[in-house]
Amino acid sequence: MMDISALPQAILCDRDGTLIEDEHFLNDPTKIRWIDGVKSLLKRFHQAGVKILVITNQSGVARDYFGTETVETIHGQLQTDIREMGGEIADFYYCPHHPDGTHPVYGGLCNCRKPAPGMFFNAIKDHQLTPELCWVIGDRLRDLEPGIALGMRAFLVQTGAGKDHTKLLSEQAYQTQVTVIPSFRNLLTFAVASLSE
Ligand SMILES: [Mg+2]
Ligand SMILES: [Zn+2]
C-alpha cells in the first residue's frame, strides 16, 4: 500500500504539456500559458520542502528555431511567475540536442534527450536525491522512462500529448508502475495528507 502521507523528496517535472501548455517550440516568454492549478500546487510543494525540478527536451535549439538564450529567458520567466506566488523551482535542466538537428554544436546524438537518462543523473547528483524517494511526471512516456528505470514513482498526465501516450502505455511492460492522472494539479491527491492549506 502506498503511504499517501509520504511526500517525495523532489518532483522531476516535464515542462511542455505538463506544467505549461505545449506551444510547439515555444520561443517567446509572453506566450507562456500555465496549465490550471499548476502554479499554486508548485508553491505548496515548495513550502512543504519538496524540490521542484524542471526537466525538458528543447530540440528547437538543435533545429535552429531558437537559441539557448531563448530557453533560458523562458525558464527565467517561469521562475518569476512561481516566485510571485511564493514558490520556487529548484532547478531547470534542458536538452538542446536532436539527432536530426542542423545546428553545428547541438545536432546529433546525446545522452540527455529523454528517454536518455542524462538530465536525471545530473539532477540526482546536483541535488543529492534518492531516486526511490522522488516522483516523475510528464505527458509522454519518454518523460517517465528514465525515472521508472531509477525507481521513481511515475505519473502520466492527460494534458499535452498525454491522451495518446496513455494508449501507448497499455503496450508497455512497466504500465503497472505508472499512475495516470488528469492533470498536474491531481498530484495533490497523492500528497494531501502532508500539505497544509
Ligand atoms: Mg511534454
Ligand atoms: Zn541532449
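5 Å is the cut-off here: which amide hydrogens, built 1.01 Å from N in the peptide plane, fall below it relative to residue 180, excluding neighbours closer than 5 in sequence?
When sequence neighbours closer than 5 places are left aside, the close amide H contacts are 156.
For residue 114, go through the lysines and keep the ones whose alpha-carbon is under 25 Å away, minus same-chain ones fewer than eight residues off.
Candidates past the 8-residue exclusion: 31, 39, 51, 125, 163, 167.
If we sort 157-163, 122-128 on the protection proxy, mean other Cβ atoms within 10 Å, highest first, what's the order? Don't jump to the answer; show the numbers that get you there.
Numbers: 157-163: 21.0, 122-128: 14.3.
Highest mean packing first, the order is 157-163, 122-128.
Tell me which residues come under 5 Å, amide H to amide H, from residue 94 once H is placed; ignore anything under 5 positions away on its chain.
56
How would 139, 164, 16 line up from fewest to most surrounding beta-carbon atoms within 10 angstrom? Each step should come with its number before you reach the end.
Working: 139 28, 164 13, 16 22.
The most exposed by this proxy come first: 164, 16, 139.
Which of the chymotrypsin sites (Phe, Trp or Tyr not before Pro) found in the stretch 116-197 are loop residues per DSSP with 14 or fewer other Cβ atoms within 10 Å of their Cβ? Present the calculation step by step, with values, prior to reporting the outcome.
Numbers: sites: 120, 121, 135, 155, 174, 184, 190; in loops: 174.
Within the stretch 116-197, the qualifying chymotrypsin sites (Phe, Trp or Tyr not before Pro) (loop, at most 14 other Cβ atoms within 10 Å) are 174.
Step through the residues of the stretch 87-94 one at a time and calculate ³J(HN,Hα) from phi using the Karplus curve (6.51 cos²θ - 1.76 cosθ + 1.60, θ = phi - 60°), rounding each to whole Hz and writing x for Gly and Pro.
These are the phi-based 3J(HN,Hα) values: x, 7, 8, 5, 6, 10, 10, 9 Hz.
Kindly write out, for the stretch 103-118 in residue order, the coupling ³J(HN,Hα) from the Karplus curve 6.51 cos²θ - 1.76 cosθ + 1.60 (θ = phi - 60°), rounded to whole Hz, with x marking Gly and Pro.
5, x, 9, 9, x, x, 6, 8, 10, 10, 5, 4, x, 5, x, x
At 222 nm, what value in deg cm²/dmol follows for the chain if DSSP H runs of at least 4 each add -39500 (n - 2.57) and the sum is divided by all its residues, to the nearest 500? Spell out each step's value before the answer.
Numbers: 6 runs with 58 residues, N = 197.
Dividing the helical sum by the residues of the chain leaves -8500 deg cm²/dmol.
For helix 68-85, what angle does its Cα long axis make with the longest principal axis of the chain, in degrees from 0 to 90 and rounded to 10?
It works out to around 30 degrees.
Across the stretch 46-57, in residue order, what do the Karplus-derived ³J(HN,Hα) couplings come to in whole Hz, using 6.51 cos²θ - 1.76 cosθ + 1.60 with θ = phi - 60° and x for Gly and Pro?
4, 5, 8, x, 8, 6, 9, 10, 9, 10, 9, 7
Since every read-out is calculated from the coordinates, none of them should be taken as a lab result. Being a predicted model, the structure only gives us computed values, none of them experimental. Glycine also receives a Cβ, built like all others from the backbone with ideal geometry; neighbour counts cover every protein chain displayed.
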